[in-house]
Amino acid sequence: MEFRRITGLPPYVFAQINGLKAEARAAGRDVVDFGFGNPDLPSPDVAVAKLAEAAYNPKNHRYSASRGIPNLRLAMANRYKLLFDVDIDPETEVVTTIGAKEGLTHLMWVLLGPGDSAIVPSPSYPIHLAGPGFAGANVITVPIADPGASDDNPGDAFFEGLVRAYEDAAVKPRVIICSFPHNPTSACVDFAFMEKLVGFALEHDIIVCHDFAYADLGFDGYRPPSILQVPRAKECCVELYTLTKSFSMAGWRVGFLVGNAEIVAALTKLKSYLDYGTFQPVQIAAIVAMNEALDYPGQLLAIYQARRDLLIDGLARIGWDVKAPKGSMFIWAPIPEPYLEMGSLEFARFLIEEADVATSPGVGFGEGGDAHVRFALIENELRTQQAIRNMRKALTKLG
Ligand SMILES: Cc1ncc(COP(=O)(O)O)c(C=O)c1O
């Protein structure tokens, strides 16, 4: 059968790896799983307690507001003030989404249609590359370099590529999707990059959608900038913020689109047709997480940073040199030279079969990803050490 917009999509990368993992586990092997960016740490206690309490109130069992209840939008606005000193009007400049992924996908429906195009970095989180296509639009990819490969600011090369892509495009793109700290490469940018991007978008009448999934995950004192910190950004930009990584609330599906009021209103309208909002107890618990678990993102960050250091040091000890990322929850590891010709899918398969270590093959994130595998920092320190021991035995060609 032929399916509109689905036939022709490559299999979702995480599904491929899950299949391999499941086979290994069915054979009784203990796979250390760095494959999927699915946080392992428990959500804040206050949120869990509030969810349970709110779930007992039958008033919360009815349909909720698809754009999010007022206090949830207010909590989000307060968070932007606290983190970025950005003023967000909770009435007009924020809409709740069912996670950033749903928000981004439906945002593309609002912004794009057949004949339109969007600029997207490659490699990228899969929905960034697929989302414009679901709206019938084309994707123009711009390479994003491995930040470990040179000392340059990865934003500079990406920005140059973006300008070239714009100039070369027969149909000028309406949208730029980007996301820093970046998944999978962990590339990070500074405020000057955001300023350049906003300036470019204003000049060429382009909308920038910045997926800020790793807003709270900057290491060693690095603070990822919000695009909305740039003056006039609200004229052409929207940003997605999510509780998935910042509060380890992946399964709860709470995200937000913030920024340009017209775009927020457009997504709000679409969503009023599509959904009735997240289950209200979840919204109430999300308010409590943002208002009361203020220390939680910092505690989480310390855990991810310790895991990052352990993995980077361990890889270096076995002869696999990878530069420590400044942000995100990923290590984008270049496949070591003696194994490079395998390509990322074969190499990821090799790591599962020979070392009981699951990673994501870089090719699953698009063009330019095939020379890397991605480790997600979702295993604790003991298991990370176990993985290093396993890889030391399996990777016999390393020095
Ligand atoms: C760049 C990026 N955006 C969005 C998401 C998913 O966010 P959510 O759980 O809020 O849909 C992820 C998760 O890995 C991601 O890496």
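Only the coordinates and a few stated rules stand behind these numbers; no lab work does. Model, not experiment: these values are computed from the prediction. A quick note on method: Cβ atoms are made from the backbone with ideal geometry, for glycine too, and the neighbour counts reach across all protein chains shown.
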Please report the antiparallel percentage of the DSSP beta bridges confined to the chain, to the nearest 5. 50 percent
Sites excluded, trypsin sites (Lys or Arg not before Pro) in DSSP loops with at most 14 other C-beta within 10 Å, longest stretch of the chain: 63-231
Report D for the stretch 94-170 in µm² per second (integer): Stokes-Einstein, Kirkwood Rh on Cα pairs, 4 °C, 1.567 mPa s. 95 µm²/s
Taking the inverse of the average 1/r across all pairs of different Cα atoms in the chain, what Kirkwood radius in Å do you get? 21.7 Å
In the stretch 214-316, if the dipole is taken from +1 on Lys/Arg beta carbons and -1 on Asp/Glu beta carbons about the Cα centre, which of Leu270, Gly314, Ser248 is farthest to the positive end? Leu270
Loop sites only, by DSSP: take the GluC sites (Glu not before Pro) in the chain that have at most 16 other C-beta atoms within 10 Å and name the longest stretch containing none of them. 92-366
How high is the relative contact order of the stretch 45-292, in percent, counting Cα pairs under 8 Å that sit 6 or more residues apart? 29 percent
Cross-link table Lys196/Lys271; Lys172/Lys234; Lys269/Lys326; Lys81/Lys326, entries beyond 26 Å C-alpha to C-alpha: Lys196/Lys271; Lys269/Lys326
Given the convex hull of the Cα atoms of the stretch 285-377, what is a quarter of its surface area in nm²? 7.6 nm²
Show me, bin by bin at 5 Å from 0, the whole-percent P(r) of the stretch 182-295 based on Cα pairs. 2, 10, 17, 20, 19, 16, 10, 4, 0
Size of the dipole of the chain about the Cα centre, Lys and Arg at +1 and Asp and Glu at -1 on the beta carbon, nothing else charged, in debye to 20? 1060 debye
Which of Leu340, Ala355, Gln385 sits farthest toward the positive end of the charge dipole of the stretch 264-394, with +1 on the Cβ of Lys and Arg and -1 on the Cβ of Asp and Glu? Gln385
Roughly what % of Cα-Cα distances in the stretch 11-72 sit above 18 Å, to the whole percent? 63 percent
Distance from a point 7 Å along Cα→Cβ of Asp220 to each backbone N in the stretch 183-202: keep the residues under 16 Å and list them by number. 186-190
Would you look at the GNM of the chain, springs on alpha carbons closer than 10 Å, and say which of Tyr273, Tyr339, Tyr166 moves the most? Tyr273
Comparing Leu228, Leu82, Leu112 in a Gaussian network model of the chain (Cα, 10 Å), the one with the largest mean-square fluctuation is Leu82
Report the gain in length on full extension from Val171 to Asp30: 0.36 nm times residue separation, minus Cα-Cα distance, nm rounded to one decimal. 45.7 nm
Between Thr92 and Ala55, Cβ-based FRET efficiency (R0 25 Å, step 0.05) works out to 0.25
Whole-number Å³ per residue for the convex hull built on Cα positions in the stretch 1-112: 235 Å³
Amide proton proximity set for Val142, modelled H, under 5 Å, gap of 5+: Val120, Ser122
Proportion of all alpha-carbon pairs of the stretch 115-252 beyond 22 Å (%): 34 percent
